[in-house]
1. What does the charge count around Phe141 come to, taking other residues whose C-beta lies under 9 Å from its C-beta (Lys +1, Arg +1, Asp -1, Glu -1)?
2. Return Cys156, Cys359 ranked ascending by Cβ neighbour count within 10 Å, so the fewest neighbours appear first.
3. What does the highest-first list of 129-139, 92-102, 187-197 look like by mean Cβ count within 10 Å?
4. Could you sort 445-453, 299-307 so that the peptide with the highest average Cβ count within 10 Å comes first and the rest follow in order?
5. With the crude spin-label approximation of a point 7 Å out along Cα→Cβ, what separation in nm comes out for Arg244 versus Ala353?
6. Rank by packing, highest mean first: peptides 371-377, 248-254, 325-331, 205-211, with packing defined as the count of other Cβ atoms within 10 Å averaged across residues.
7. I need the calculated FRET efficiency for the pair His464 and Arg257, taking r as the beta carbon distance and R₀ as 30 Å, to the nearest 0.05.
8. With the cut-off at 23 Å, tell me which of the pairs Lys123/Lys420; Lys59/Lys374; Lys123/Lys481; Lys241/Lys289; Lys110/Lys481 have Cα atoms farther apart than that.
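Please treat every number below as a calculation from the coordinates, not as lab data. Just so it is clear, the structure is predicted and the values come from calculations on it, not from any experiment. All Cβ positions, even for glycine, are placed from backbone atoms using ideal geometry, and neighbour counts span all protein chains on display.
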Amino acid sequence: MKPNQNDLLSQTRRNFLSRMTSGLTGVALTSLLADDLLGAALSSDTAAWKPGQPQFKPKTKQVLQIFCPGAASHVDLWDYKPSLEKYDGKPLPGEENMVSFQGKNGPLMKSPWAFAPGGKSGKMISSMLPHMSKHVDDIAFLHGMASRTNTHGPGCIFMNSGFVREGFPSAGAWTSYALGSLNNNLPTYVAIQDVRGEPPNGKANWSNGFLPADYQAVAMAAQQPLRNLARPVSISESEEKATRDFLKTINGEHALRHPGESELKARMASYELAARMQLTAPEVADISKEPAHLHHLYGTDSKNPLLAAYARNCLLSRRFLEQGVRYVSLYCASRASAVDGLLNWDAHKTLKADYERHCPIFDQPTAALLTDMKQRGMLDDVLVLWTTEFGRMPTRQEGTDGRDHNPDAFTTWMMGAGIKGGVSYGATDEFGRRAAVDTTYVYDFYATVLQLLGLNHEKLTYYHNGADRRLTDVHGHVIEKILA
C-alpha cells in the first residue's frame, strides 16, 4: 500500500521523532539478539558445518595423497589405448599440425612398453608397473580428468588447491581446518617431499593460503627430519619444563586480556605442539624400528638410492597415518630440471629412458605401502589419492622421442575408505588426446574427497576478501559412481 502524499507532508517534528525512537529500539533489539537468531538459523539447517567436526557420518577419517609432479603420462601408465599401437607413426586425425606447449607435434607414438591385465578385473596397466598392477581391483580410476592450465607450477597448485594462482589453501589445509587433529602430539597435516627436492611452486602446494597459519603442512621427510626438536645440552629437562609452564601462565593471562587476538592463540598453540612433538615425533619418524621384512618389501634396502629414499618416505607415511596424522601429502619426484625428465615425470625428449628411471622408483614402494596398509586394516579409515598436474600428448614432440604437455586429458585415482574398487570412471577419446566421457575436474575430485570425509563441499567455506571461499570454488559435483 503506497503512503498518502498528504500524510507525509503533514508529519510534525514531534511525530517524526517519536516514530524514529521506536524504530531504533527495534534495530537495537535485533542487534542484541543477533547471536541467538543466528544460532536458531544454524540449528534449523541440519547440514550446517561447525569447525572441528564433520557435517554427516564420514566414510573416511584420513587422507594419503601421492603426487607425481611433472605430468605423469596417462597413456603410458594407466590409460590403455590400442589405437596408439595401430596408428603409430601416423598423424593425429584432425590435428595434423597441432602446436602445443613446447611447439609443433609430430605423429602419434605408441607407448614404449606393453600393457598387461592386472588383478581379477583384468584392468590393463603398463607392464612398467608390475607391483601396482596387483592393486587394480581396489582402485577407482578417473580417466576423464582435465585441467585449466598446461604449465607445471600452476598445474600443481591447481591440482592441490583448486586454483591456478598461489595464495589459496591446499586440500590438506582445508581438511585440517575442517576436522582438526586425531593426535594432539603430532601435526594434523604433513607434506613429505622427495629426496630430489620440492615440486614445482614448492611450499605453495601445501600452503594454508588465507586460512590461519596453523593449518599449513609441516614439511619433512625421512631424509630431512623435523628440525630444532632436540633440547640444547646446556638446559636440563626440569629447567625446560619449568620454562614452558611459566610461559604458558603468562601467555594465558595475556590471552584473557586480549580475547580477540586469534593469531596470538594460534602461535601459542603451534609452540605448544612443538613442545609435545619433542617427545612424540622423533619416535614416530624412526623407521629403523620396522622389521627387516618390511624394509625389504618397501625397498629401503635397494641399491637404487632414489628408490630407497622414496621407500623410506612411503614407510614414514604409513607410520604417521598409523599415529593419527589427518592428511599426508607424499611426493614422488621434484621440480623440472635442466635435463627434461631427469628429476620428475616431464618427459619431453626421452620418454623411454625417463620412465624406465621413474617407474621402478614409484612402483615397488608405493605398492608396498598399499599392501602394508591393507594388511593392517588401515584402508578402512584412510582414503588414498594418486594425482599429477595434467597428462601428456599421444603424439611425439616434433624431433624428439618424448611427449608434450596435455591439459585436456589425464588420469587420477582413488583407493581405500569409501571407494568402490576395480572400476573406471570417465574416458578419453581413442587416442587419449581429450577427455571425452564424464569429464571431471579438480572440483569434482575434491567434492568427492570432502564427501567421504563427511563434509559438504558447498558448505565448507571461509570468509576472505568479501567472499565465502571454498576448496571447490563455485564448481564441483560428487562422483557418486566410484563410492562404495
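1. Numbers: positive: Lys123; negative: Asp79.
That sum, taken over residues with Cβ under 9 Å, equals 0.
2. On the way: Cys156 28, Cys359 22.
The fewest-first ordering by Cβ neighbours comes to Cys359, Cys156.
3. Working: 129-139: 20.6, 92-102: 14.0, 187-197: 23.5.
Result, highest mean Cβ count within 10 Å first: 187-197, 129-139, 92-102.
4. 445-453, 299-307
5. Using points 7 Å along Cα→Cβ, the separation is 5.3 nm.
6. Per-residue Cβ counts within 10 Å, averaged per peptide and sorted highest first, yield 325-331, 205-211, 371-377, 248-254.
7. My answer for the efficiency is 0.60.
8. Numbers: Lys123/Lys420 14 Å; Lys59/Lys374 16 Å; Lys123/Lys481 17 Å; Lys241/Lys289 28 Å; Lys110/Lys481 31 Å.
Distance filter (> 23 Å) returns Lys241/Lys289; Lys110/Lys481.
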